[in-house]
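The values are calculated or read from the model by the stated rules, or taken from the named source; none is laboratory data. Just so it is clear, the structure is predicted and the values come from calculations on it, not from any experiment. Please note: Cβ atoms are built from the backbone with ideal geometry, for glycine as well, and neighbour counts cover all protein chains shown.
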Amino acid sequence: MPPYSVAISPSRTWATPDDRLIAIESSAAEKVEMHRSTLTDGIARMQPMTEGLVIPAGETVWLDNGMDAMFVQPVERYRAGDEVPATLVFEKAGRIDVTFKVEERSTGSGAAHEGHGQ
């Protein structure tokens, strides 16, 4: 089993004010890391999102385009259709419990993650 799983991340539409996602927690893994992946000269690199993720008021934001939540050392191997509990921690809104639904990765997605777990 690989030492991590990649979460299909939720979106959230905010009315007001702007907020910042500063952490994701889950009892389903040792820890959850938020990071941004880049591909430079064919080499994938992950950088921690130490600044969090700004969510502008009234906008829907997805973790994509190289932004990911990685479940490190999950307590079990998750399969498509499983549901994984987590808590989103926001700077202003505080803690919000969510459930991630595990989905199959579509062909061609997550190029920056190819080779993980090998």
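Determine, yes or no, whether ALA28 is at pLDDT below 90 and small (Gly, Ala, Ser). Against the criterion (at pLDDT below 90 and small (Gly, Ala, Ser)), ALA28 does not qualify. Sub-8 Å Cβ pairs linking a first residue in the range 47-61 that is at positive phi to a second residue that is at pLDDT below 85 and aromatic (Phe, Trp, Tyr), at least 6 apart or interchain, are GLY58/TRP14, ordered by first then second residue.
Would you mind finding the one in GLU104, GLU83, GLU114 that is modelled with pLDDT of 85 or more and surrounded by fewer than 17 Cβ atoms within 10 Å (Cβ to Cβ)? So the residue among GLU104, GLU83, GLU114 that is modelled with pLDDT of 85 or more and surrounded by fewer than 17 Cβ atoms within 10 Å (Cβ to Cβ) is GLU83.
VAL54 meets each of the listed conditions (1) surrounded by fewer than 11 Cβ atoms within 10 Å (Cβ to Cβ); (2) β-branched (Val, Ile, Thr); (3) farther than 16 Å from GLU25 by Cα apart from (1).
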